[in-house]
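For reference, the structure is listed below as structure tokens.
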Amino acid sequence: MTFETANSVTHKLWDRSTMHHELDALVHDLSVRHNTAKSNIAVHASGPGTFTLSVSHGEANLGPVNL
């Protein structure tokens, strides 16, 4: 299950063993779509096994995320 808006993606992970791969792919896709660095993509747990990724536009000083 995936929901997309112009600046974010919410994705339900069904298999925990693929979590790192799926999140990394979503971060990559969103950063390419918005022509921004991966460090400008915020990842938030929005529910059990559900993550929302959004473009931060530099509003927060985000450190690197190791997936």
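The values are calculated or read from the model by the stated rules, or taken from the named source; none is laboratory data. These figures come from a predicted structure and were not determined experimentally. Neighbour counts are summed over all protein chains in view; Cβ atoms, including those assigned to glycine, are modelled from backbone coordinates with ideal geometry. Quick note on the areas: whole protein, heavy atoms, side chains included, nothing else; ligands and nucleic acids left out. Shrake-Rupley method; radii C 1.70, N 1.55, O 1.52, S 1.80 Å.
Sequence-ordered 3J(HN,Hα) estimates for segment 40-55 from the Karplus curve with 6.51, -1.76 and 1.60 and θ = phi - 60° stand at 8, 9, 8, 10, 10, 6, 10, x, x, x, 10, 10, 10, 10, 9, 7 Hz, glycine and proline given as x. Other residues whose C-beta falls under 12 angstrom from the C-beta of residue 2 contribute a net charge of -2, scoring Lys and Arg +1 and Asp and Glu -1.
Converting phi to 3J(HN,Hα) with the Karplus coefficients 6.51, -1.76 and 1.60 and the offset θ = phi - 60°, segment 7-22 yields 10, 8, 9, 10, 9, 8, 8, 8, 10, 4, 5, 9, 3, 5, 5, 5 Hz in sequence order, with x at every glycine or proline. All C-alpha to C-alpha distances of segment 1-60, sorted into 5 Å bins beginning at zero, yield P(r) values of 4, 20, 33, 25, 13, 4, 1 percent in whole numbers. Whole-Hz Karplus ³J(HN,Hα) for segment 26-38, in order, using 6.51 cos²θ - 1.76 cosθ + 1.60 and θ = phi - 60°, x for Gly and Pro? So the Karplus estimates, Gly and Pro as x, are 5, 4, 4, 4, 5, 5, 5, 4, 9, 6, 9, 5, 4 Hz. Per residue, segment 1-46 exposes 67 Å² of accessible surface when a 1.4 Å probe is rolled over the protein heavy atoms with every protein chain present. Between residue 14 and residue 45, the distance separating the two model label sites (each 7 Å from Cα on the Cα→Cβ line) works out to 2.2 nm.
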